[in-house]
Amino acid sequence: MMDLSAYRDIFIEELNDQLERMDQSLLALELSPSVELIQTLFRAAHTIKGSASTMDFRELSDLTHEVEFALEWVREKKPEMTSELIDTLFRSLDAMKVLRDQYIRGEAYADFREVVREIKALIQTPAVVGKIKAPQLQSAESIMAQVAIVSGKQLLSIQIVLEQTCMMKAARYHILRQRIEDICGTVVATSLMESQPGAENEDHHYGQFIIIVATSKDQQQLKAELSADSDIHMLEIGPYMLESNEVAATSAPLELTSETERTTPNVTMPVSEEKVKAAQPTVRVNVERLDHLMNLVGELLIDQTSLADLSGSGARKEPSALMQNIGGVSDHMGRVIKELQEGVMKTRMLPIDQLFTRFPRLVRDLSQRLGKDLELVIQGGETELDRMIIEELSDPLIHLIRNSADHGIESAEIRAEHGKPSKGRITLTSFHEENHVVIRFSDDGKGIDGEKIKASALDKGIISEEQAARLTTQESVHLIFEPGFSTASSVSDVSGRGVGMDIVRSQIGRLNGIIDIDTEVGVGTTFTIRLPLTLAIIKGLLVKVSGRVLILPMYNVAEIVRISPEDIQMIQGQQAILNHGRIVPFHRLCDKLNYSRSDRNSKTIPLVIVRSVDKIAAYAVDEIIGNQEVVIKTLGTYLGAMNHLSGATILGNGRVALILDASYLVSH
């Protein structure tokens, strides 16, 4: 027996893709019903059923079979897309996701019989004479079917139930079969009703049957030609899809098909569409391989920096033709490595739409649970971002959406009183800005009242009265990021301002990102998140402190200035400087890191102003060396908790330089 464990990861990836496709198609179907969306859902369900069956995942295969049956009913009967129908399909999809998660974790499978009962009660299928199964094509029949598909024909399943009063069902079956063959040209296979205990004769076998044909006839045209027969009680015609094992078992002898057509389970798709797909091939690559490749590019970058330093120092000492040639090789190598680095980084990039498309379903469920009419608008989904950052960004955005739906957007009655449309709007936008990706999350709700925030923080002891007196309204708004802060009057199962906003800030900070708030009472709130494109290679500012070279990420550096010692002031017992009219806390980086101070003869002090999230601080250093791209190397766990460091890198001279965690330094 074949060992299926080797295909498990591939199956899970494909399953996730198909479930995501069904989720998005169902959301679109609810807004605008169309035959194309139903066909997409049917195709995805059929693919899942086939692959689950191949992997011996019977629970998912059986459930998906019921979903597929319901979608076939929707496609044929074209019922009104009621909320009950959509909700039932969503519950079926959720049950499929539960089974997937249990399969991944190796847990016992949930009982989904209640979902199946809901599906069957909803579609109200007509009674049939007896049990019947679609024919399982044999090898020769599969070859016949695939040749017909390649020649431009489609496979149709014709299911016929004869009237109970039909006296000679066997004869009628043969007459109808010959008639269908005359109309369509090719009968691929047939299936009769199973034997029933106690039947008086064998004629009942022919009371219900399925005939698979390969034809260029239209379904409606074929139905019109057959439905006039008075002995037919029920006639159903629909596409017949080959099972994946039927295609795989017979694909080798078929020289007429292309490579794509030989390996695609769903061969009923038109050939032209297959050619379009084949023109844009993709390859699944294990993430660990990409990470390893990025590490190797990082090593090359370090070696190239070392070569450039050696070439430069050699040219200064001995400006010969040999050194000039070495310098030229170094420059060319640098350009090639730069292109290689950009290429590898692009392979790690994913459209942020892969994250954004998870949220329409969340907003739909929140809308139903909260009794609010909510709309999610997504813009800029094509913006690309490192896949690691995309995964880490999911939870913060979910927190923002839940808080906005629960507390930010008012009820329809209150919105009407203020002249707003009843439907609340949440907008997610992303775009590139220099070397960053900006994600803007906004709603048209009631906004955040800074004075109420300040009063609540004061009441909870988060700030003192003295601190409250110094805070402006805009600064008070940022108190929502403080741990334990909440203005919610009651605990909600959806959200609570404070049960997640501090997590949002900390997770954005861990991604070396910055989050800001712009709000207006009665108008709405906008959260702006700025993130680096990737976490693997960053542009860093090299500074010297107590004889050591340290690196600060450039996306945390707000400004580099020089001040005189007289510019340092004492404000409430803490050193600070005045920068563009704003009081900024002042620290010596050597003191912050417990290094000894260096003797300085200069009359000015180099200063790096560092920003993280909503906080800012100024750090005095001994020397500003410059900026360069550096490869982040993790420090490992054997050093213990090193919260002020985010990693290390190897400089061109081969020495190790520590990369400081600016967000931790500023917030502590």
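The values are calculated or read from the model by the stated rules, or taken from the named source; none is laboratory data. The model shown is predicted, which means the values in this text are computed figures rather than measured ones. Virtual Cβ from ideal backbone geometry, glycine too; neighbours counted across all protein chains shown. Note: areas computed on protein heavy atoms with side chains; ligands, DNA, RNA excluded. Shrake-Rupley method; radii C 1.70, N 1.55, O 1.52, S 1.80 Å.
From the phi angles alone, apply the Karplus equation (6.51, -1.76, 1.60; θ = phi - 60°) to the range 547-554 and give each ³J(HN,Hα) in whole Hz, x where the residue is Gly or Pro.
Once rounded to whole Hz, the list reads x, 10, 8, 10, 10, 10, x, 5.
Under 5 Å between amide H atoms, partner at least 5 residues away or on a different chain: which partners does Gly380 have, H built in plane at 1.01 Å?
It is Ser430, by chain and number.
Note down the nm distance, to one decimal, between modelled labels 7 Å out along Cα→Cβ at Ser139 and at Glu163.
About 4.5 nm, to one decimal.
Using a simple spin-label model with points 7 Å from Cα along the Cα→Cβ vector, what separation in nm is obtained for Ser216 and Glu391?
Taking the two extended label points, one gets 5.1 nm.
Using θ = phi - 60° and the Karplus curve 6.51 cos²θ - 1.76 cosθ + 1.60, what whole-Hz ³J(HN,Hα) does each residue of the range 207-222 get, with Gly and Pro shown as x?
Here the 3J(HN,Hα) series is x, 8, 8, 10, 10, 9, 10, 10, 8, 9, 6, 6, 4, 5, 5, 5 Hz.
Based on the Cβ-Cβ distance from Arg655 to Met554, what FRET efficiency comes out when R0 is 25 Å, to the nearest 0.05?
Numbers: r = 20 Å, r/R0 = 0.81.
For Arg655 and Met554, the calculated efficiency is 0.80.
Would you calculate the convex hull of the Cα atoms in the range 581-634 and tell me its volume per residue in Å³?
Numbers: hull volume 8.1 nm³, N = 54.
Residue-normalised Cα hull volume stands at 150 Å³.
Test of understanding: express the Cα radius of gyration of the range 303-368 as a ratio to 2.2 N^0.38 Å, with N the residue count.
Here the Cα radius of gyration is 2.20 times the empirical estimate.
Just how much of Glu339 is accessible, in Å², when a 1.4 Å probe is used and the result is rounded to the nearest 10?
Looks like 130 Å² after rounding.
In terms of the Cα gyration tensor, with a ≥ b ≥ c the square roots of its eigenvalues, is the range 351-492 rounded because a/c is under 1.5, prolate because a/b exceeds b/c, or oblate? Mind showing how you got there, number by number?
Details: a/c = 2.04, a/b = 1.29, b/c = 1.58.
Judged from the Cα gyration tensor, the range 351-492 comes out oblate (a/c at least 1.5, b/c at or above a/b).
Using 0.36 nm times the number of residues separating Leu296 and His668, minus their current alpha carbon distance, what extension gain do you get? Present the calculation step by step, with values, prior to reporting the outcome.
Numbers: separation 372, 0.36 × 372 = 133.92 nm, distance 3.48 nm.
Between Leu296 and His668, full extension yields an extra 130.4 nm.
Which whole-Hz ³J(HN,Hα) couplings does the range 380-390 yield from phi under the Karplus relation 6.51 cos²θ - 1.76 cosθ + 1.60, θ = phi - 60°, glycine and proline marked x?
3J(HN,Hα) across the range 380-390, in whole Hz: x, x, 7, 4, 9, 8, 4, 4, 5, 5, 4.
Within the set of other residues whose C-beta is less than 15 Å from the C-beta of Phe586, count the net charge using Lys and Arg as +1 and Asp and Glu as -1.
Numbers: positive: Arg562, Arg582, Arg588, Lys592, Arg597, Arg611, Lys615; negative: Glu559, Glu566, Asp567, Asp591.
Result for the neighbourhood of Phe586: +3.
So, taking all protein chains as they sit and a 1.4 Å probe, how much accessible area belongs to Lys223, in Å² rounded to tens?
For Lys223, the solvent-accessible surface is approximately 60 Å².
Which residues does a label at Asp591 reach in the range 601-621, if reach means a backbone N under 17 Å from a point 7 Å past the Cα toward the Cβ?
Within reach of a label on Asp591: 605-610, 617-621.
So for the range 511-668, considering every pair of alpha-carbon atoms, how many percent are separated by more than 26 Å? Mind dumping the intermediate values first?
Values: 3789 of 12403 pairs.
Taking all Cα-Cα pairs of the range 511-668, the fraction more than 26 Å apart is 31 percent.
Report the far tail of the P(r) of the range 524-585, meaning the percent of Cα-Cα pairs longer than 19 Å. Write down the numbers at each step before the final one.
Numbers: 1088 of 1891 pairs.
So the pairs more than 19 Å apart make up 58 percent of the total in the range 524-585.
Taking a 31 Å limit on the Cα-Cα distance, which of the listed pairs Lys169/Lys217; Lys77/Lys169; Lys460/Lys539; Lys49/Lys153 fall beyond it? List each step's numbers first, then the result.
Working: Lys169/Lys217 26 Å; Lys77/Lys169 27 Å; Lys460/Lys539 41 Å; Lys49/Lys153 24 Å.
Listed pairs above 31 Å: Lys460/Lys539.
Tell me which residues come under 5 Å, amide H to amide H, from Gln628 once H is placed; ignore anything under 5 positions away on its chain.
So Gln628 has HN proximity to Gly540, Leu542.
How much length is gained if the chain between Leu322 and Lys346 is pulled fully straight, taking 0.36 nm per residue apart and subtracting their Cα-Cα distance, in nm to one decimal? Walk me through the numbers on the way to the answer.
Working: separation 24, 0.36 × 24 = 8.64 nm, distance 3.62 nm.
Full-extension gain reported as 5.0 nm.
What full-extension length gain, to one decimal in nm, is calculated for Val150 and Arg75 as 0.36 nm per residue of separation minus the Cα-Cα distance? Could the numbers behind the result be given before it?
Values: separation 75, 0.36 × 75 = 27.00 nm, distance 2.50 nm.
Here the segment from Val150 to Arg75 would lengthen by 24.5 nm.
Rounded to the nearest 0.05, what FRET efficiency do Asp231 and Asp111 have when you use their Cβ-Cβ distance and R0 = 45 Å?
Working: r = 42 Å, r/R0 = 0.94.
Between Asp231 and Asp111 the formula returns 0.60.
So which trypsin sites (Lys or Arg not before Pro) in the range 549-609 pass both tests, a DSSP loop state and at most 14 other Cβ atoms within 10 Å of the Cβ? List each step's numbers first, then the result.
Working: sites: Arg562, Arg582, Arg588, Lys592, Arg597, Arg600, Lys603; in loops: Arg597, Arg600, Lys603.
Hits after loop and neighbour filter: Arg597, Arg600, Lys603.
Each label point is 7 Å from the Cα along the Cα-to-Cβ direction; what then is the distance between the points at Thr427 and Lys223, in nm?
According to this spin-label approximation, the distance is 4.4 nm.
With no solvent and one point per C-alpha, what does the Debye sum give as log10 I(q)/I(0) for the range 31-89 at q = 0.19, 0.20 Å⁻¹?
For the range 31-89 at q = 0.19, 0.20 Å⁻¹, log10 I(q)/I(0) is -0.68, -0.74.
Give the lysines reachable from Lys544 as a straight Cα distance under 18 Å; neighbours fewer than 8 places away on the same chain don't count.
Straight-line reach from Lys544, under 18 Å: Lys592, Lys603.
Given R₀ = 35 Å, what would the calculated FRET efficiency be for Gln628 paired with Arg358, taking r from the Cβ atoms and rounding to 0.05? Show your work: numbers first, answer last.
Values: r = 37 Å, r/R0 = 1.06.
Computed FRET efficiency for Gln628 and Arg358: 0.40.
If DNA, RNA and ligands are ignored and the probe is 1.4 Å, what is the ranking of Thr88, Thr305 by accessible area, most exposed first?
So the residues, ranked largest to smallest area, are Thr305, Thr88.
Could you pull out every residue, at least 5 positions away or on a different chain, whose amide H is within less than 5 Å of the one on Asn579? Hs are placed 1.01 Å off N in the peptide plane, and Pro or chain starts have none.
Counting only residues 5 or more places away or on other chains, the set is Val584.
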